[in-house]
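**Student:** First the structure, then my questions, so here it is.
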Amino acid sequence: MKGLSSTTNSLSGLTRTFSRVETVIRCDNKYELTTASDINKAQTLISKEAVPFLFRQVDQLENAIEAIRAAHEALSLRVSEQNAEYQQLLVDEANMTTLQNSIRAEQASLSEIQTNLLNTKSLVAAKERDLAELTRARSASKQRSARVEDA
């Protein structure tokens, strides 16, 4: 087809002076025909260039998929580890809350014991004052009795 086109172009330059011949020679190709050898050449070219390219692309995609799969597994493992850590934190928090409640109860008990101790100390001090007063009164009573006996 290319041969016909080039021949027509060559003749068009020689036949410009003959308008009728130029009209006859001019051909408008709406469709080009492709020969079987051209088709075979194109298929061979595609199989030599495109198929290896496609195989390389498939290999690259498989490598990318494997990398994504490995990243997914690593992230899944990390999520699992973090979930275990979170569960342990929840257990630790529950234990800490229990300990804090225990400490509050012990502090309340200690405060009550300290109040009782202070009350007991005040009571002991009052009893010691009463005892001292009774001891003085007894001494005074003995001295009076001794004076009465002496007299």
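**Student:** Take the Cα gyration tensor of the stretch 54-151, multiply each eigenvalue by 5, square-root it, and list the three semi-axes largest first, rounded to whole angstrom.
**Tutor:** Result for the stretch 54-151: semi-axes of 92, 8, 5 Å.
**Student:** So for the pair residue 111, residue 135, with labels modelled 7 Å out along Cα→Cβ, what separation do we get in nm?
**Tutor:** Label-label distance for residue 111 and residue 135, simple model: 3.8 nm.
**Student:** Let me ask something additional. Give a residue-ordered list of calculated ³J(HN,Hα) values for the stretch 127-141 (Karplus: 6.51 cos²θ - 1.76 cosθ + 1.60, θ = phi - 60°; whole Hz; x for Gly, Pro).
**Tutor:** After applying 6.51 cos²θ - 1.76 cosθ + 1.60, I find 5, 5, 5, 4, 5, 4, 5, 5, 5, 5, 5, 5, 4, 5, 5 Hz.
**Student:** Another one. Could you state the orientation-averaged shadow area of the convex hull built on the Cα atoms of the stretch 98-151, in nm² to one decimal?
**Tutor:** The Cα convex hull of the stretch 98-151, projected and averaged over all directions, gives 3.6 nm².
Each reported figure results from applying straightforward, stated rules to the coordinates on display, with no laboratory input. Here the structure is a predicted model, which is why all the values come from computation and not from measurement. With ideal geometry, Cβ positions are generated from the backbone for all residues, glycine too; neighbour counts draw on all protein chains shown.
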